[in-house]
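Undergrad: Pasting a structure below so you can have a look.
The values are calculated or read from the model by the stated rules, or taken from the named source; none is laboratory data. Note that this is a predicted model, so its numbers are computed, not measured. Positions of Cβ are generated from backbone atoms using ideal geometry, with glycine treated the same way; all protein chains shown enter the neighbour counts. Areas reflect the complete protein model, heavy atoms only, side chains present, ligands, DNA and RNA absent. Shrake-Rupley method; radii C 1.70, N 1.55, O 1.52, S 1.80 Å.
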Amino acid sequence: ILNVEQSPQSLHVQEGDSTNFTCSFPSSNFYALHWYRWETAKSPEALFVMTLNGDEKKKGRISATLNTKEGYSYLYIKGSQPEDSATYLCAFISSGSARQLTFGSGTQLTVLP
Amino acid sequence: DTGVSQNPRHKITKRGQNVTFRCDPISEHNRLYWYRQTLGQGPEFLTYFQNEAQLEKSRLLSDRFSAERPKGSFSTLEIQRTEQGDSAMYLCASSRQGAEAFFGQGTRLTVV
């Protein structure tokens, strides 16, 4: 069983604050790392697909970095807004033949107005 | 294509009954995943298909669970002799090889 861990488990921030959270994954047999955003009553939606060590991706106020050698990825949100409130999931794909997605348990972000 | 579709959205069943859920993936996606999500947890892998072949099945899945994907199109997940511990959100996702997964809205199962 692949170990994908996310921290913190939950986070409350004030509107306007910037925040970040971590996804840790096995540093061997890396294929890809995905970030998903899961809002209440909706399906998870992909934010980023990251494949190369040192990748940095950005979408609006949200960005992510990837370190495959040490097995971690950071997700950053600049100037958090209430609509950013959601659970943020990372998913690791190993380079084994199955190439299944293994999810972390998520970071639940609440942005207070 | 309207995305990944799951039916039913909600299912309430009595303990001991069998239930079957259906997932219609995005048509050009050859990979299909089933996950289970319980309160406070991320999606937990159940099983995975590439086309019609079931490539992997979680060790967490008991023999009461079975999944099929005939002809590599839609998939069904059946739970036999349901138990209260089976109550969860069952999520289906599909993807192209190496690309991000697209999720359905899920089927919420309640076993009473």
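Undergrad: So which residues of the range A:31-45 lose at least 40 Å² of accessible area, probe 1.4 Å, when you go from the chain by itself to every protein chain present?
TA: A:38, A:43, A:44
Undergrad: Let me know the mean shielding of A:46-58 by other chains, meaning the per-residue number of their Cβ atoms within 10 Å of its Cβ. Don't skip to the end; give the middle numbers.
TA: Values: counts 7, 1, 1, 5, 0, 1, 0, 0, 0, 0, 0, 0, 0.
So the per-residue partner count for this stretch is 1.
Undergrad: At a probe radius of 1.4 Å, what is the per-residue accessible area of residue A:59, in Å² to the nearest 10?
TA: 100 Å²
Undergrad: Compute, for residue A:93, the solvent-accessible surface of its heavy atoms (probe 1.4 Å) with the complete set of protein chains present, and express it in square angstrom to the nearest 10.
TA: Using a 1.4 Å probe on the heavy atoms, I get roughly 10 Å².
Undergrad: To continue, here is another question. Averaged per residue, what accessible surface does chain A expose to a 1.4 Å probe, in Å²? Numbers along the way, then the final one.
TA: Working: 5450 Å² over 113 residues.
About 48 Å² of surface per residue is accessible.
Undergrad: Other chains' Cβ within 10 Å of B:103-109 residues: what's the mean?
TA: Values: counts 7, 1, 3, 4, 0, 0, 0.
What the average comes to for B:103-109 is 2.
Undergrad: In addition: How crowded by other chains is B:93-100, given as the mean number of beta carbons from other chains within 10 Å of each beta carbon? Please report the intermediate quantities before stating the final value.
TA: Working: counts 6, 0, 6, 0, 1, 6, 4, 12.
Partner-chain Cβ atoms within 10 Å, mean over residues of B:93-100: 4.
Undergrad: Percent relative contact order of the range A:1-70, based on C-alpha pairs within less than 8 angstrom and at least six residues apart?
TA: After rounding, I find 22 percent.
Undergrad: So, one more: Just report the Cα centroid separation between the range B:70-112 and the range A:68-113, whole Å.
TA: Going from one Cα centre to the other spans 21 Å.
Undergrad: Which value, in Å², gives the accessible area per residue of chain B when a 1.4 Å probe is used on the protein heavy atoms? Working shown, then result.
TA: Values: 5690 Å² over 112 residues.
Roughly 51 Å² per residue, with all protein chains present.
Undergrad: For Cα pairs less than 8 Å apart in space and 6+ apart in sequence, what is the mean separation divided by the residue count of the range B:1-108, i.e. the relative contact order in percent? List each step's numbers first, then the result.
TA: Details: 250 pairs, mean separation 39.4, N = 108.
It comes to 36 percent, rounded to a whole number.
Undergrad: Given the whole protein assembly as supplied and a 1.4 Å probe, what does the accessible area of residue B:10 come to in Å², nearest 10?
TA: Residue B:10 exposes around 130 Å² with every protein chain in place.
Undergrad: Using a basic spin-label model with each label point 7 Å from the Cα along Cα→Cβ, how many nm lie between residue A:13 and residue B:62?
TA: It is 4.2 nm.
Undergrad: Compute the accessible area of each residue in the range A:86-105 twice, once for its chain alone and once with every protein chain present, using a 1.4 Å probe on heavy atoms, and list those whose area falls by at least 30 Å².
TA: So the qualifying set is A:98, A:99, A:100, A:101, A:103, A:105.
Undergrad: Chains A and B: buried accessible surface, both sides, probe 1.4 Å, rounded to 100 Å²? All intermediate terms of the calculation are to be shown ahead of the outcome.
TA: Working: alone 6320 and 6520 Å², together 11140 Å².
Counting both chains, the buried surface is close to 1700 Å².
Undergrad: What residues qualify as long-range amide H neighbours of residue B:57, i.e. H under 5 Å apart, gap of 5 or more or another chain, H built at 1.01 Å from N?
TA: none
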